[in-house]
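**Student:** Pasting a structure here, questions to come.
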Amino acid sequence: YLETRQGSGTYVLSTADSSRPLTMARRAGLRDQFEARLALDAEAARLAALRQTPAVIAGLRALLAERGNHEDGDKAGFVSRDFAFHQAVIAASQNSVLIGMYEFFSTLISETIEATLGEELPEPDMAAHAAIVDAIESGDPEAADAAVRRFMAPMLSALDRLLLS
């Protein structure tokens, strides 16, 4: 990428296309997108369990309560609230690279959330979300990892069935 400054010249800002990873991820299949999200969410939950505090847990529970359900007809609002909850789990990891990756792929992650609001993929219920918070609160990274994997399993299974049919 170049920047032209009148009277000064042309300067190289970057030799890499920073949008390329996002473009490639958006071209991937939905199953690949969910698998990548699982990798980010599971590791973040593991780290969050190790680093959790009462304030973090209270914040996650508040976001979960605000999330509500998608039957209220406000699809965009629901996706935004659900994303905010998952982003807070990532933030609870206190890992700046995971946080940055989640932010970079935020549009893609929001699209995976929206994909669960149709007829083909199940939307994880409040209990599945609360299980993630409970596992983080336990301080057990294995339990947090398992909770995220249980959370994602129905969506991945549904995608497998769709791909086979």
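The values are calculated or read from the model by the stated rules, or taken from the named source; none is laboratory data. Since this is a predicted model, take the numbers as computed values, not measurements. In this analysis, Cβ positions are derived from the backbone assuming ideal geometry, glycine residues included, and neighbour counts consider all displayed protein chains. Surface accessibility is based on the protein's heavy atoms, side chains included, excluding ligands, DNA and RNA. Shrake-Rupley method; radii C 1.70, N 1.55, O 1.52, S 1.80 Å.
**Student:** Could you please state how large a percent of the accessible area of the stretch 45-103 is carbon and sulfur, counting protein chains only and using a 1.4 Å probe?
**Tutor:** Using a 1.4 Å probe with all protein chains present, the stretch 45-103 comes out at 59 percent carbon and sulfur.
**Student:** When only Cα pairs under 8 Å and 6 or more residues apart are kept, what is the percent relative contact order across the chain?
**Tutor:** Reported relative contact order: 31 percent.
**Student:** Dipole magnitude of the chain about its Cα centre, charges +1 at Lys/Arg Cβ and -1 at Asp/Glu Cβ only, in debye to the nearest 20?
**Tutor:** Roughly 500 debye for the chain.
**Student:** Right, something else. With every protein chain present, what is the per residue accessible area of the chain (1.4 Å probe, Å²)?
**Tutor:** Per residue, the chain has an accessible area of 54 Å².
**Student:** Based on the Cβ-Cβ distance from Ser157 to Glu3, what FRET efficiency comes out when R0 is 45 Å, to the nearest 0.05?
**Tutor:** 0.40
**Student:** Loop-only GluC sites (Glu not before Pro) in the stretch 101-165, please: DSSP not H, G, I, E or B, and at most 15 other Cβ atoms within 10 Å.
**Tutor:** When the GluC sites (Glu not before Pro) of the stretch 101-165 are filtered for loop state and at most 15 Cβ neighbours within 10 Å, Glu119, Glu120 remain.
**Student:** How far, in degrees from 0 to 90, does helix 30-51 lean away from the longest principal axis of the Cα atoms of the chain, to the nearest 10?
**Tutor:** Long axis of 30-51 versus the principal axis of the chain: about 70 degrees.
**Student:** For Ser93, what is the net charge nearby, where nearby means another residue's Cβ is under 11 Å from its Cβ and Lys, Arg count +1, Asp, Glu -1?
**Tutor:** 0
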